[in-house]
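The values are calculated or read from the model by the stated rules, or taken from the named source; none is laboratory data. Values in this document were obtained by computation on a predicted structure and should not be read as measured data. All Cβ positions, even for glycine, are placed from backbone atoms using ideal geometry, and neighbour counts span all protein chains on display.
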Amino acid sequence: MDAVSLDTGNSTRDGSMRNEHLETSKFPTIDFLLQTVQAVTHRGENWEFTAEGTLSLHGVSRDIQFPVRAHREGDVIRLLGHLPRQDDGLSHRDSSVPHVHCRGPSAGQL
């Protein structure tokens, strides 16, 4: 994902996050390579699971696991994950942590 595209809804915080913490000019992407999905629960059009894989952020790659919620909206699967604060590899001045919102493959591709 393009690190500059991260948006917390607060332009001051976004500028600080991009320039001081993520250093997007040096590290323009954030990558997560999914290796395993565990503990899947499914209710109607919703799923919850634990994603395990390798997160590459700010020049550092680390194996992590985190909870994910998925919701089907027509032909699109929307994912919402929360990265553990201690695993993000960054220091924070602010107690809020941005959520990870991803758009998954179309439902027909699953």
* Candidates L90, L110 - the one that is farther than 22 Å from S5 by Cα, of a type outside the set (S, T, N, Q) and at pLDDT below 75 -> L110
* To do: Tell me which residues, restricted to the stretch 20-49, are more than 26 Å from V4 (Cα to Cα) and touching a strand residue (DSSP E or B) at 6+ places or on another chain (Cβ under 7 Å).
  => T36, V37, Q38, A39, V40, T41, E45, N46, W47, E48, F49
* Residues located in the stretch 35-64, provided they are among the acidic types (D, E) and at pLDDT 90 or above -> E48, E52, D63
* **F32 vs. criteria modelled with pLDDT of 90 or more, touching a Gly at 6+ places or on another chain (Cβ under 9 Å) and not small (G, A, S)** => no
* **Count - residues of the stretch 50-74 that are touching a strand residue (DSSP E or B) at 6+ places or on another chain (Cβ under 7 Å) and under 13 Å from F32 (Cβ atoms)** => 13
* Which listed residue, of T24, T36, is over 12 Å from the mean Cα position of the chain (by Cα) and either surrounded by 12 or more Cβ atoms within 10 Å (Cβ to Cβ) or in a helix (DSSP H, G or I) (or both) -> T24
* **Members of the stretch 43-61 that are surrounded by 13 or more Cβ atoms within 10 Å (Cβ to Cβ), of a type in the set (G, A, S) and not in a strand (DSSP E or B)** => none
